[in-house]
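**Q** One structure, as structure tokens, below. Some questions next.
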Amino acid sequence: DAGVTQSPTHLIKTRGQQVTLRCSPKSGHDTVSWYQQALGQGPQFIFQYYEEEERQRGNFPDRFSGHQFPNYSSELNVNALLLGDSALYLCASSLWFGVNNSPLHFGNGTRLTVT
Amino acid sequence: SQQGEEDPQALSIQEGENATMNCSYKTSINNLQWYRQNSGRGLVHLILIRSNEREKHSGRLRVTLDTSKKSSSLLITASRAADTASYFCATDGSDYKLSFGAGTTVTVRA
């Protein structure tokens, strides 16, 4: 049973560029959440997708956008990259029903470096 | 901003000793969860405690929750080298967004 998979594992981009990160949720899960984790910090909630719609959003600018596909996989897009966007981007999946009582299953993340 | 704050920031113990870390949060919660993260990898869920529960056990883990003090503690008994990791508490409020603290880094020395 495959867990949460993310691609790519590492990425180096230049300031001003755009990036797309991908996530496949754990089998049977229908909800995907994205987190940004700066070095030495805890994960910060970016947004959450269910039924192909953004359901919740954290305190991130519109440069951060996402998408969920009918097969529940998801993409995170970041436009006009800044040096401060360098971080580990984590995808987590769960079930929507019982979302407040079920644990998140995390992928191993994409390490984004902006130079 | 982060809802939970773990204390201490770092902890170094000998193998076989117990490790205790605390989490404080600001607003009322539905539940509190603890996660472990090995260096540079994804987080792994350890335990979930609901707001109406006071204590929960899972193997060598013991979690307490005091909603009146808005705090929780995670105890790892008989620590092993494999317990070396960062530990995060996560809380959800009325919006069900899970908010993580900055974590406690635990080093278990052989």
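The numbers here are math on the coordinates, done by the rules we state, and not lab data. The structure presented is a predicted model; accordingly, all values stated were derived computationally and were not measured. Methodologically, a virtual Cβ is constructed for each residue, glycine included, from the backbone with ideal geometry; neighbour enumeration extends over all protein chains shown.
**Q** What is the magnitude of the charge dipole of the protein assembly as shown about its Cα centre, with +1 placed on the Cβ of each Lys and Arg, -1 on the Cβ of each Asp and Glu, and no other charges, expressed in debye to the nearest 20? Walk me through the intermediate numbers first.
**A** On the way: 21 positive and 20 negative charges, 80 e Å.
So the magnitude is around 380 debye.
**Q** Moving on to the next point. Given that compact globular proteins tend to follow 2.2 N^0.38 Å, what is the ratio of the alpha-carbon Rg of the stretch A:26-115 to that value?
**A** On the way: Rg = 12.9 Å, N = 90, 2.2 N^0.38 = 12.2 Å.
Here the Cα radius of gyration is 1.06 times the empirical estimate.
**Q** With +1 on the Cβ of every Lys and Arg and -1 on the Cβ of every Asp and Glu, and nothing else charged, how large is the dipole of chain B about its Cα centre, in debye rounded to the nearest 20? Kindly include the intermediate steps, with their values, before the conclusion.
**A** On the way: 13 positive and 11 negative charges, 33 e Å.
Charge dipole, chain B, about its Cα centre: 160 debye, nearest 20.
**Q** At most 15 other Cβ atoms within 10 Å and a DSSP loop assignment: could you name the GluC sites (Glu not before Pro) in the stretch A:1-98 that fit? Walk me through the numbers on the way to the answer.
**A** Details: sites: A:E51, A:E52, A:E53, A:E54, A:E75; in loops: A:E51, A:E52.
Of the GluC sites (Glu not before Pro), the ones in loops of the stretch A:1-98 whose Cβ has at most 15 other Cβ atoms within 10 Å are A:E51, A:E52.
**Q** Also: List the residues, sorted by chain then number, that are 5 or more residues from B:G101 or on another chain and whose placed amide H is less than 5 Å from its amide H.
**A** B:G4, B:C89
**Q** Let me ask something else about it. For A:L21, B:L74, B:L43, which order do you get if you count the other beta carbons within 10 Å of each Cβ and list the fewest first? Present the calculation step by step, with values, prior to reporting the outcome.
**A** Details: A:L21 21, B:L74 25, B:L43 31.
Going from sparsest to densest Cβ surroundings: A:L21, B:L74, B:L43.
**Q** In sequence order, what are the phi-derived ³J(HN,Hα) couplings for the stretch B:99-110 according to the Karplus relation 6.51 cos²θ - 1.76 cosθ + 1.60 with θ = phi - 60°, rounded to whole Hz, with x for glycine and proline?
**A** My calculation for the stretch B:99-110 gives 10, 9, x, 7, x, 10, 8, 10, 10, 9, 8, 6 Hz in order.
**Q** Suppose we flag chymotrypsin sites (Phe, Trp or Tyr not before Pro) only when DSSP calls them loop and at most 15 other Cβ atoms lie within 10 Å. Which is the longest uninterrupted stretch of chain A?
**A** Details: sites that count: A:W96, A:F97.
Here the longest run is A:1-95.
**Q** Let me check I have the definition right: for the protein assembly as shown, take the eigenvalues of the Cα gyration tensor, multiply each by 5, take square roots. What are those semi-axes in whole Å, largest first? Please list the in-between numbers first.
**A** Numbers: eigenvalues 168, 81, 51 Å².
Value: 29, 20, 16 Å, ordered largest first.
**Q** When DSSP assigns beta bridges and you keep just the ones with both residues in the stretch B:8-110, what percent turn out antiparallel, to the nearest 5? Walk me through the numbers on the way to the answer.
**A** Numbers: 36 of 41 bridges.
Here the share of antiparallel DSSP bridges comes out near 90 percent.
**Q** I've got another one for you. Given the options A:G58, A:G40, A:G66, which has the most mean-square fluctuation in a GNM of chain A, springs set between C-alpha atoms less than 10 angstrom apart?
**A** Its mean-square fluctuation being the largest, the pick is A:G40.
**Q** Here is a follow-up. Can you give the Rg/Rh ratio of chain B, where Rg is from the C-alpha atoms and Rh is the Kirkwood radius? Please report the intermediate quantities before stating the final value.
**A** Values: Rg = 13.2 Å, Rh = 13.8 Å.
Answer for chain B: 0.95.
**Q** I need the phi-derived Karplus couplings for the stretch A:7-23: 6.51 cos²θ - 1.76 cosθ + 1.60, θ = phi - 60°, integer Hz, Gly and Pro marked x.
**A** 9, x, 7, 9, 7, 10, 10, 9, 3, x, 6, 10, 9, 10, 10, 10, 8
**Q** OK, next. Could you work out which residue, out of A:Q56, A:Q41, A:Q68, moves most in a Gaussian network model of chain A, that is, has the largest mean-square fluctuation with Cα springs under 10 Å?
**A** Checking each option, the largest mean-square fluctuation is seen for A:Q41.
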